[in-house]
Amino acid sequence: MKCVITGSNVKVLGRAVHSLSRIGDELYLEPTESGLSLRAVNSSRSAFAAFLFAPLFFQLYEAGGRQPDRELLRCKVLMKVQHPPPAPCPGTPKAPHCSGAVPGRVTVPVSVPCPQSFLGIFRSLPSLEKTVGKCLILLKPRASRLVVQLHCKYGVTKTHNLAFQECERLQAVFDTQSCASSLCAPARVLAEAVVHFPQTLAEVTLGAGPGGKISLRNYVEDEAEPTKTMVTELWLAKEEFQTVAVAPGSRITFCLKEFRGLLTFAEASNLPLTIHYDVPGRPVVFTLDDAVLEVHLVLATLSDPESGSQPPTANGVSHLPAPSDDFADDLESYMIAMETSAYEAGSGVPPSPTFPLHTPRPAESDPEEEEEEEEEGAVPGTPPHKKVWDGHGRAWGRAQPPPDPHLSPQFRSLFFGSVLMPGGPGPAPTQEVLAEDSDGEY
Amino acid sequence: MRFRAKIVDLACLNHFSRVTNTIAKLAKTCTLRLTVSKLYFILSDKVANGGVSMWCELSQGNFFDEFQIEGVAAEHNEIYLELVPENLSRALKTAQSAKAVKIKLTNKHCPCLRVAVELPSLSSSSRIVTHDIPVGVIPRRLWNDFREPSVPDFDVSVYLPLLKTMKSVVERMKNLSNSIVIEANLSGEMNLKIETDLVSVTTHFKDLGNPPWASEDGCQSSAQGRDLERMAEARIDIKKLQQLLAGQQVNPTKALCNIVSKRIVHFILLHEDVSLQYFIPALA
């Protein structure tokens, strides 16, 4: 894979990397015929983002040679350096990390003892805009290096050699067409709306009110005392949106941090943002569309514990978002219900029949065997290497990805629950595969 | 009990926002006292506050375009609320371009101060943001705890130098010591001192001037007949002083301090329509 980005597009790429860095610690690069895809998923698999840059975005784009029996090479690199690196042992040759390697010029090897991260290269957006004229990204499978070269002013060339890991396709399966509700607004409108919430706020609730009004409210966690927490609610008129096609009374709760990251990108690119959502518990999909760029952000939403236990009609009535006075009461009953559900989720009982939890398998079962089974159970038409990350890494005795500290348990359990049938060994064709990766390959 | 108020003017809104920011920096929770003509932010000197107390007073007429209050009884037309000033400050922070801000006491689920902000939008209708700030209503029998502190019988009263200058001095001293000695005399001199085993630092200020306190009833007698050159000093927690200097956003037209030797330092920041008094007790 080889691509060259020039001019202001370098900054666009930089902003995309910043936005993706809000989601995961690793960046997945996937060169395809339809462009270069950059993806990230968070550790609890409740957030996924994909930026697809079309070949037209680049000055030069070569996806790479396709071997007859192999797919294009995909890789993942470190997004940010998490741990202070160990001091390099004297005597061992250092990997070439960063050097100005232009033939015929003075080459100044800069020995950076820490592993380089992708975000580190694009860290400063203003300097990127000021100094970088051209950016070259080159995947060297033989040397096992991803080379990012920044051609700066005054003939300075910065070459970053990043170690990468070959990996499976990171894919979230979602269908924006099947979502019951969708909204489209200029990014600025939404960005101006979220400034009213504190930076520390974890989740926000988006609701559709009467007359096409859209509300945003800070989600108050069930353990928080309602008499101690300030509740901020914002109403946006229908006219502020480009399109509003929402189910009346619908409302969803999702994480604000990742959404803010995407908003920053969308606002800077001056693109309208579309929100697709369905019932609580189903993922919400944020999309940006441009001639040379396609962005998807998929976030888990908080399940509505009442939706399973009550008929949908009754639920719809009880959950009409209320600009009216009784909203506080409504909130409380909602929160009481949440508490019950958290308890149930902890004890392994599905919170609702709609999104059953996968029953954990016995821990002693052999991981290899399990994988075989899954391979066999794979759906026809699915490439054999595809594997679903279904969240039962725990049952396989593998290290569980560290839970996102700001995610409540409802988010996680629900998300995995939506992926698998209860107790089923493999994915059923109709089910959503949120994200798959190669972590199960070891 | 009813309360509703409205600010339309942007300058007033920004000013009010600055006052609440200052309060938020100085107190985690405070008492908001509402009367027909004035608002007060009060922090009484409880042990929990480390002996620090605060009294901030503003005339509502200079801030609000509408101000209606109905207390518990006609003869006690006042409301005392306990609130987290940070919440109010946060609600007003994003209201800087508002068309109007309404503040209203509500009691839906719990007593709340509802701040409703009307913001301009790209469409014809404006954007409405509401913040429900939970408050506690303080019963009348406890009102006596929140009386205005009297000006102490000070030894020396002196105008303060530019607060910005003082702030940068104190901030540097804070790295070296936990306590600071403030001393001043009646010749307009003030010193800020830190003394540790390793280092002693003193910053001298002179020609500050001493405010002319009218001794109507002769109660401010300590300062009279005092040797003009003699310093009165108090050692106080440097963090508390730094908090005041860094947190204040009222840009006072006058700032002064009264020192009661070895007991308390009383700061007064005056702006045309706001006065802020802050008391820091001396360390033993």
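Over all orientations, region B:128-284 has a Cα convex hull whose mean projected area works out to 13.3 square nanometres.
Taking Cα pairs under 8 Å and at least six residues apart, what relative contact order does chain B come out at, in percent?
19 percent
The Cβ shell under 13 Å around A:Gly133 holds other residues with a net charge of +4, Lys and Arg each +1, Asp and Glu each -1.
Across chain B, the volume of the C-alpha convex hull divided among the residues equals 153 Å³ per residue. Take the Cα radius of gyration of region B:84-164 and divide it by 2.2 N^0.38 Å, N being the number of residues; the result is 1.66. In this structure B:Asp227 has an accessible area near 90 Å², from a 1.4 Å probe over the protein heavy atoms. Among residues other than A:Leu29 with Cβ under 9 Å from its Cβ, the summed charge is +2 (Lys and Arg +1, Asp and Glu -1). Accessible surface for chain B, divided over its residues, is 47 Å² per residue with a 1.4 Å probe.
Each peptide in A:168-174, A:11-17 receives the mean, over its residues, of other Cβ atoms within 10 Å, and ordering these scores from highest gives A:11-17, A:168-174. Cα centroids of region B:1-24 and region A:174-223: 28 Å apart.
The alpha-carbon of A:Lys213 sits under 27 angstrom from the alpha-carbons of these lysines, leaving out residues fewer than 8 places away in its chain: A:Lys238, A:Lys257, B:Lys6, B:Lys93, B:Lys99, B:Lys102, B:Lys104, B:Lys108.
Adding -39500 (n - 2.57) for every DSSP H run of four residues or longer, then dividing by how many residues chain B holds, sets the calculated 222 nm ellipticity at -5000 deg cm²/dmol. Solvent-accessible area of A:Lys76, all protein chains in place: 10 Å² (probe radius 1.4 Å, heavy atoms, ligands and nucleic acids excluded). Averaged over the residues of peptide B:129-138, the number of Cβ atoms from other protein chains lying within 10 Å of each residue's Cβ is 5.
Computed from point charges on the beta carbon alone (+1 for Lys and Arg, -1 for Asp and Glu), the dipole magnitude for region B:17-83 about its Cα centre is near 420 Debye.
The values are calculated or read from the model by the stated rules, or taken from the named source; none is laboratory data. This one's a predicted model, so the numbers in the text were calculated from it and none came from an experiment. Note that each Cβ is placed from the backbone with ideal geometry, even for glycine, and that neighbours are counted across all protein chains shown. SASA here: full protein model, heavy atoms, side chains in, ligands and nucleic acids out. Shrake-Rupley method; radii C 1.70, N 1.55, O 1.52, S 1.80 Å.
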